[in-house]
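Written out below as structure tokens is the structure these notes cover.
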Amino acid sequence: MSSIHIYWDESHFWGLLAARALSAWAIPHRLVRGSEIADGALAGKLGEIPAALLVPGGRAKGKADRLGVRGMDAICEYVNSGGAYLGFCGGAGLALTGPYGLGLSPWTRKGYRNRLHHFLSGHVEARLDNASGLVPDGMDEALLPVWWPGRFDPADPSVQVLARYGKPGPDFWVADLNLSTLPKGTMADWEALYGVNLSPDFMEGSPVVAANRFGAGRVVLSYAHLETPASEQANRWLSHLLGRVLDEPGSAAANRRPVPAWDVAARPIVWEDATLIRARRTMEEIIRTGSDHFLLFWRNPWLLGWRRGIPGAGINTLYSLICESLASEPSDEALTFWRGMRDRFQVLMDLLGNGLTGYLLAERLSMTVFHSDSGAVSKEGLREQRRALFGLPPEPGGIYADLAGMLEELYWRLSLSTTP
């Protein structure tokens, strides 16, 4: 069976989701960096030419920056020559035409007039084009998971729409509001009384999964995360797409079970590294503090939920990368790299632990005294604390960016020892 390359840079915990799916299905794969792509990874420098490049979620601009011009050109050449590109969320955005885009699709990205409309997450009902061979037989509708998706601007009819948004599913959220808990009519009341429109109805009918040809190759772009653990219909579709890419018999894809559930906190400790174990405990204490003060909560065993404004995604990324690294058997190369990074990582981790605990408690105090005139907590002060710890959206920064970079580098090296 041919291998699939997963573009690892700037993928955060979305890259872990993609790798878990392929590992669960015993599909050979390799995590590749932007520099490797620039140096010929897609042209066979690391072995055979891959059957597909899978690009997980994450920040499209960050992915483009790490690729550089040579890496972006290499992807375009690979697809133009007959390769397949499968992009989820940020990976879909990377393929579009426009700033920081590869131009693999003639579509561009459509912005949000209401910024809160960007903070949509959970499963959504979708209507599928089952006349396409890229859609499993008999799958007219599906519940597909979206996690803070961008939007396509479907300006070119040459692109095939494989799925369109329908109604929100039972676990759908807008920012930190669980829609299933709101009484019927609440959204309309809020708009009439306060002029606040949070309804996700604007999504209905717009594309969520699309495909097009680029030269001799194929491009499939999805703002739905088909690799989401234990999302049965999404996983079935992903299995089908991979089966087409790998030229498998239809029965092989149809017989795959859904991607197993992912309980991050239950991951075993295989690598007894004291620094990483201490980091895991630090992150667990931070999550516990956030949970005790109603700022963080587990939406499911792999995904945190958070009050709007709290850097929950960054916390989730660090904790997931630490737990998955500890669950890996280190190679000599990974051990050598980590020996050179361990001391600096520990210093930064201690700074993050102390600073983030104080920041979360200050945010909680600010919420408590919000209706008073005391001015006890400076909003600008909170903003500066967040900038130092995590940067300011949409650009990651601060201590977090350094820690995430080291962990992504470490996990990439750990993955090499298990690459088929």
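The values are calculated or read from the model by the stated rules, or taken from the named source; none is laboratory data. Values in this document were obtained by computation on a predicted structure and should not be read as measured data. Because the Cβ atoms are built from the backbone with ideal geometry, glycine has one as well, and the counts that use them run over all protein chains shown.
Return yes when Ala327 is surrounded by fewer than 16 Cβ atoms within 10 Å (Cβ to Cβ) and at pLDDT 95 or above and no when it is not. It is true that Ala327 is surrounded by fewer than 16 Cβ atoms within 10 Å (Cβ to Cβ) and at pLDDT 95 or above.
Here Arg342 clears all of (1) basic (Lys, Arg); (2) surrounded by 13 or more Cβ atoms within 10 Å (Cβ to Cβ); (3) closer than 30 Å to Phe294 by Cβ except the condition numbered (3). Any idea which residue in segment 61-98 is nearest to Leu221 (Cα to Cα), counting only those that are part of a loop (DSSP other than H, G, I, E, B) and free of Cβ contacts under 8 Å to residues at least 12 places away in the same chain? Filtering first and then ranking leaves Thr97. Going residue by residue through segment 124-136, is there one that turns out to be assigned to a helix (DSSP H, G or I), surrounded by 15 or more Cβ atoms within 10 Å (Cβ to Cβ) and within 20 Å of the chain's Cα centre (by Cα)? No, because not a single residue in segment 124-136 is assigned to a helix (DSSP H, G or I), surrounded by 15 or more Cβ atoms within 10 Å (Cβ to Cβ) and within 20 Å of the chain's Cα centre (by Cα). Residues in segment 279-305 that are in contact with a Gly (Cβ under 6 Å, 6 or more places away or on another chain) and assigned to a strand (DSSP E or B) were compared, and the one that is surrounded by the fewest Cβ atoms within 10 Å (Cβ to Cβ) is Phe297. Listed by first and then second residue, the pairs linking a residue in segment 151-166 that is within 12 Å of Tyr223 (Cα to Cα) to a residue that is surrounded by fewer than 19 Cβ atoms within 10 Å (Cβ to Cβ) and aromatic (Phe, Trp, Tyr), with Cβ atoms under 8 Å apart and 6 or more places separating them unless they lie on different chains, are Arg151/Tyr112.
Restricting to segment 240-253, name every residue that is at pLDDT 85 or above and assigned to a helix (DSSP H, G or I). If the condition is that a residue be at pLDDT 85 or above and assigned to a helix (DSSP H, G or I), then His240, Leu241, Leu242, Gly243, Arg244, Val245 are the ones that fit.
Going by the conditions given, is Pro28 within 30 Å of Ser251 (Cβ to Cβ) and without any contact (Cβ under 8 Å) to a residue 60 or more places away in the chain? Taking the combined requirement at face value, the residue does not satisfy it. Taking the stated definitions as given, is Glu333 touching a helix residue (DSSP H, G or I) at 6+ places or on another chain (Cβ under 9 Å), in a helix (DSSP H, G or I), acidic (Asp, Glu) and without any contact (Cβ under 8 Å) to a residue 60 or more places away in the chain? Considered against the rule, which asks whether it is touching a helix residue (DSSP H, G or I) at 6+ places or on another chain (Cβ under 9 Å), in a helix (DSSP H, G or I), acidic (Asp, Glu) and without any contact (Cβ under 8 Å) to a residue 60 or more places away in the chain, Glu333 comes out as no. Screening segment 258-268 for residues that are free of Cβ contacts under 8 Å to residues at least 40 places away in the same chain and either in contact with an Asp or Glu (Cβ under 6 Å, 6 or more places away or on another chain) or surrounded by 12 or more Cβ atoms within 10 Å (Cβ to Cβ) (or both) and picking the one that is farthest from Ile322 (Cα to Cα) gives Pro258. Taking the listed residues Glu48, Glu77, the one that is modelled with pLDDT of 95 or more, out of contact with any Asp or Glu (no Cβ under 9 Å at 6 or more places or on another chain) and either more than 20 Å from Glu409 (Cα to Cα) or surrounded by 17 or more Cβ atoms within 10 Å (Cβ to Cβ) (or both) is Glu77, with no other qualifying. Taken over segment 104-114, the criterion of being touching a helix residue (DSSP H, G or I) at 6+ places or on another chain (Cβ under 7 Å) and small (Gly, Ala, Ser) is satisfied by Ser105 alone. Of all residues assigned to segment 177-189, none qualifies as being of a type in the set (S, T, N, Q) and under 30 Å from Asp73 (Cα atoms).
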